[in-house]
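Visitor: Mind looking over this structure? Questions follow.
The values are calculated or read from the model by the stated rules, or taken from the named source; none is laboratory data. Bear in mind that the values here come from a model prediction, so they are computed numbers and not experimental data. Neighbour counts are summed over all protein chains in view; Cβ atoms, including those assigned to glycine, are modelled from backbone coordinates with ideal geometry. SASA here: full protein model, heavy atoms, side chains in, ligands and nucleic acids out. Shrake-Rupley method; radii C 1.70, N 1.55, O 1.52, S 1.80 Å.
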Amino acid sequence: MLQVNYIRENREKVLERLSVRNFKQVELVDEIIAVDEERRSTQSSLDNLQAEANAAAKQIGELMRSGKKEEAESIKANTAAHKEKIKAQNEQLTALEEKQQTLIVQLPNLPYHLVKTGSTADDNEIVLTHGEPSALPENALPHWELAAKYDIIDFELGTKITGAGFPVYKGKGARLQRALINFFLDHATAAGYKEMQVPHLVNAASGFGTGQLPDKEGQMYHSTVDDLYLIPTAEVPVTNLYRDVILKEEDLPIKNTAYTPCFRREAGSYGAHVRGLNRLHQFDKVEVVQITHPEKSYETLEDMSQYVQSLLQELELHYRVLRLCGGDMGFTSAMTYDMEVWSAAQQRWLEVSSVSNFETYQSNRLKLRFKGKEGKTQLAHTLNGSALALPRIVASILENYQTDKGIKIPEALIKYTGFDMID
């Protein structure tokens, strides 16, 4: 979340950057400032009352030691009303702090200066396009028909067991999944990321820390008996490893990676564009997370984008990189790159990765700080990226590598799959 001091001291800039997002609840900014002024006034009044109470207590002690019991008792009698005022002020301060918190979590992150104004995905900037579309046979099929033809993914069986959006991977389909997970993890560790195994359920504090709560609670599966949430991405548990932690500047950057299944309700997702693997409720993903010095976070974002692109290049997939406009960015992001792979069979681009810099938005919630060499403590910057999400990568491989004889396996994956063709 944004810092109150920054909002108060940079009101016009906050409003200008929120306009880049087409954020409509701009009245929240002035409401937050007004509540903060009242909170600070109440805090000042409370401090004065407590100072008076401390002075009275000290005076009572001195009078008692001097044998002036009657004078001490007289002052003590007056302190009862003082205590009631302090109690009332404390209650008012708590109420104002809660109100301020409720308001401030409704403000999204401020877009970085390179982020353009826009409302929808149509307003995103194409940064670069790599490679050429695959030349497919005339009878090319979309991946859901290929999955049935070669009996490698069963959507109906998953529907019987659980429901729509929970496919069953079979035979070479399951082995392709495992191969991609190992391929992505091996490349991440080779790039300096430490592999972590993390819980797949998190508490509400973790969901709040990375910004999924309260913004996306409707998209998360909630285990109500234990008040735990199934993770929508490994970003949540991996970043929360550092909640309430003060790092040393020399520890930065911290680079972690994790494979996890991910669970998303995806409420309201219907239509042809979500067929097959295009939109799932459960899917596998390898995530990369970095915690960096604020001065280096945008350099890190570019490095992470290049890293994700290197995976797509090894898989020899035709892709493009988008810089998202303000209106299409996630609530917590300051700047996001999306990577999309071209599906020649579906004749559309499929998003396979998002890489984002959150600046201090998450770390402020997480109380994730570092102590600089001069001894000053400040908030770190957090970043993460999909490297990569499997469903649309699998869809892209099946569609773009199909031939009349079967589906070829990308050269880089053969040592992981143990086979070079699905037939």
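Visitor: Is at least one residue of the stretch 251-269 open to solvent by 20 Å² or more (accessible area, probe 1.4 Å), more than 15 Å from the chain's Cα centre (by Cα), closer than 28 Å to Ile153 by Cα and among the acidic types (Asp, Glu)?
Guide: Within the stretch 251-269, one or more residues are open to solvent by 20 Å² or more (accessible area, probe 1.4 Å), more than 15 Å from the chain's Cα centre (by Cα), closer than 28 Å to Ile153 by Cα and among the acidic types (Asp, Glu).
Visitor: Give me a count of the residues in the stretch 14-52 that are free of Cβ contacts under 8 Å to residues at least 40 places away in the same chain and of a type in the set (Lys, Arg). Outline the logic, then answer.
Guide: If we filter the stretch 14-52 for residues that are free of Cβ contacts under 8 Å to residues at least 40 places away in the same chain, which is where we start, we get 15-16, 24, 26-27, 30, 33-34, 37, 40-41, 44, 47-48, 50-52.
With of a type in the set (Lys, Arg) added as a condition, the list becomes 24, 40.
Total satisfying the criteria: 2.
Visitor: Here's something else I'd like to know. Which one of the conditions (1) open to solvent by less than 10 Å² (accessible area, probe 1.4 Å); (2) closer than 19 Å to Phe283 by Cα; (3) out of contact with any helix residue (DSSP H, G or I) (no Cβ under 9 Å at 6 or more places or on another chain); (4) not hydroxyl-bearing (Ser, Thr, Tyr) does Ala395 fail to meet, given that it meets all the rest?
Guide: Here Ala395 clears every test but (3).
Visitor: What residue, of Glu138, Glu145, is open to solvent by 80 Å² or more (accessible area, probe 1.4 Å), closer than 15 Å to Ser396 by Cα and out of contact with any Phe, Trp or Tyr (no Cβ under 7 Å at 6 or more places or on another chain)? I'd like the intermediate steps shown before the answer.
Guide: Values: Glu138 fails: closer than 15 Å to Ser396 by Cα.
Checking each option against the conditions leaves just Glu145.
Visitor: In the stretch 283-315, how many are surrounded by fewer than 22 Cβ atoms within 10 Å (Cβ to Cβ), assigned to a helix (DSSP H, G or I) and not β-branched (Val, Ile, Thr)?
Guide: Matching residues across the stretch 283-315 total 14.
Visitor: Right, another one. Take the conditions open to solvent by 60 Å² or more (accessible area, probe 1.4 Å), at pLDDT 95 or above, among the polar types (S, T, N, Q) and under 20 Å from the mean Cα position of the chain (by Cα) and apply them to Asn182. Does it pass?
Guide: Numbers: open to solvent by 60 Å² or more (accessible area, probe 1.4 Å): yes; at pLDDT 95 or above: yes; among the polar types (S, T, N, Q): yes; under 20 Å from the mean Cα position of the chain (by Cα): no.
Taking the combined requirement at face value, the residue does not satisfy it.
To keep it simple, each residue is scored yes or no on (1) farther than 24 Å from Ser386 by Cα; (2) of a type in the set (Gly, Ala, Ser).
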residue: Ala135; (1), (2): yes, yes
residue: Lys160; (1), (2): yes, no
residue: Pro167; (1), (2): no, no
residue: Asp215; (1), (2): no, no
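Visitor: Look at Leu103 and say whether it is in a loop (DSSP other than H, G, I, E, B), aliphatic (A, V, I, L, M) and under 24 Å from Thr360 (Cβ atoms).
Guide: Numbers: in a loop (DSSP other than H, G, I, E, B): no; aliphatic (A, V, I, L, M): yes; under 24 Å from Thr360 (Cβ atoms): yes.
Here the answer is no, as Leu103 does not meet what is asked.
Residues checked against (1) open to solvent by 70 Å² or more (accessible area, probe 1.4 Å); (2) under 30 Å from Val321 (Cβ atoms); (3) without any contact (Cβ under 8 Å) to a residue 60 or more places away in the chain:
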{"site": "His82", "(1), (2), (3)": "no, no, yes"}
{"site": "Glu91", "(1), (2), (3)": "yes, no, yes"}
{"site": "Leu114", "(1), (2), (3)": "no, yes, no"}
{"site": "Ser119", "(1), (2), (3)": "yes, yes, no"}
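Visitor: Count, please, the residues in the stretch 151-165 that happen to be part of a loop (DSSP other than H, G, I, E, B), open to solvent by 40 Å² or more (accessible area, probe 1.4 Å) and not acidic (Asp, Glu).
Guide: Here is the first cut: in the stretch 151-165, the residues part of a loop (DSSP other than H, G, I, E, B) are 151-152, 162-165.
Still in the list and also open to solvent by 40 Å² or more (accessible area, probe 1.4 Å): 151, 162, 164.
If we keep only those that are not acidic (Asp, Glu) as well, we get 162, 164.
Summing the residues that are part of a loop (DSSP other than H, G, I, E, B), open to solvent by 40 Å² or more (accessible area, probe 1.4 Å) and not acidic (Asp, Glu) in the stretch 151-165 gives 2.
Visitor: Right, next: For the stretch 262-282: of the residues being in contact with an Asp or Glu (Cβ under 9 Å, 6 or more places away or on another chain) and not in a loop (DSSP other than H, G, I, E, B), which is modelled with the highest pLDDT? Step through it out loud before you land on a result.
Guide: Looking only at the stretch 262-282, we keep the residues that are in contact with an Asp or Glu (Cβ under 9 Å, 6 or more places away or on another chain), and these are 262, 274, 276, 279-281.
Remaining after also requiring not in a loop (DSSP other than H, G, I, E, B): 262, 274.
On the way: Cys262: 97, Val274: 77.
Per the stated criteria, the residue is Cys262.
Visitor: To continue, here is another question. Among the residues in the stretch 182-192, are any within 30 Å of Asp251 (Cα to Cα) and in a loop (DSSP other than H, G, I, E, B)? Spell out the reasoning first.
Guide: Keep residues of the stretch 182-192 that are within 30 Å of Asp251 (Cα to Cα), which gives 182-192.
Then keep just the ones that are in a loop (DSSP other than H, G, I, E, B); that gives 191-192.
Within the stretch 182-192, one or more residues are within 30 Å of Asp251 (Cα to Cα) and in a loop (DSSP other than H, G, I, E, B).
Visitor: Only residues that are within 23 Å of Gln25 (Cα to Cα) and of a type in the set (Val, Ile, Thr): list them for the stretch 84-131, please.
Guide: Matches in the stretch 84-131: Thr102, Ile104, Val105, Val115, Thr117, Thr120.
Visitor: A further question on this structure: In the stretch 351-374, which residues are in a strand (DSSP E or B), surrounded by fewer than 24 Cβ atoms within 10 Å (Cβ to Cβ) and more than 11 Å from the chain's Cα centre (by Cα)?
Guide: Answer for the stretch 351-374, where residues must be in a strand (DSSP E or B), surrounded by fewer than 24 Cβ atoms within 10 Å (Cβ to Cβ) and more than 11 Å from the chain's Cα centre (by Cα): Glu351, Arg369, Lys371.
Visitor: If I ask for residues that are over 28 Å from Ile414 (Cα atoms), outside any strand (DSSP E or B) and open to solvent by 70 Å² or more (accessible area, probe 1.4 Å), which ones from the stretch 197-213 would you list?
Guide: Those that are over 28 Å from Ile414 (Cα atoms), outside any strand (DSSP E or B) and open to solvent by 70 Å² or more (accessible area, probe 1.4 Å): Pro199, His200.
Visitor: Identify all residues within the stretch 214-251 that are of a type in the set (D, E, K, R) and in a loop (DSSP other than H, G, I, E, B); write none if there are none.
Guide: Taking the stretch 214-251 as the starting set, the residues that turn out to be of a type in the set (D, E, K, R) are 215-217, 226-227, 235, 243-244, 248-251.
Asp215, Lys216, Asp226, Asp227, Arg243, Asp244, listed by residue number.
Visitor: Quick one: which residue in Val20, Val26 is open to solvent by less than 80 Å² (accessible area, probe 1.4 Å), at pLDDT 85 or above and more than 27 Å from Leu368 (Cβ to Cβ)?
Guide: Numbers: Val20 fails: more than 27 Å from Leu368 (Cβ to Cβ).
Checking each option against the conditions leaves just Val26.
Visitor: Go through (1) open to solvent by 70 Å² or more (accessible area, probe 1.4 Å); (2) over 17 Å from Thr239 (Cα atoms) for Lys194 and report which single condition fails.
Guide: (2)
Visitor: For Leu136, are the conditions met, namely being within 40 Å of the chain's Cα centre (by Cα) and at pLDDT 95 or above?
Guide: Values: within 40 Å of the chain's Cα centre (by Cα): yes; at pLDDT 95 or above: no.
No; evaluated as a whole, the condition is false for this residue.
Visitor: Out of (1) in a loop (DSSP other than H, G, I, E, B); (2) farther than 25 Å from Gly192 by Cα, the odd one out for Val341 is which?
Guide: Unmet condition: (1).
Visitor: A further question on this structure: Can you tell me which of (1) in a helix (DSSP H, G or I); (2) in contact (Cβ under 8 Å) with a residue 60 or more places away in the chain; (3) open to solvent by 70 Å² or more (accessible area, probe 1.4 Å) is the one Leu96 doesn't meet?
Guide: In the conditions (1) in a helix (DSSP H, G or I); (2) in contact (Cβ under 8 Å) with a residue 60 or more places away in the chain; (3) open to solvent by 70 Å² or more (accessible area, probe 1.4 Å), Leu96 misses (3) alone.
Visitor: Right, something else. Cβ contacts < 6 Å: first residue touching a residue at least 12 places away in the same chain (Cβ under 8 Å) and among the aromatic types (Phe, Trp, Tyr), restricted to the stretch 329-351; second residue assigned to a loop (DSSP other than H, G, I, E, B) and open to solvent by less than 20 Å² (accessible area, probe 1.4 Å), any location; separation 6+ or different chain. Result?
Guide: Between residues of the stretch 329-351 that are touching a residue at least 12 places away in the same chain (Cβ under 8 Å) and among the aromatic types (Phe, Trp, Tyr) and residues that are assigned to a loop (DSSP other than H, G, I, E, B) and open to solvent by less than 20 Å² (accessible area, probe 1.4 Å), the close pairs are Phe331/Pro108.
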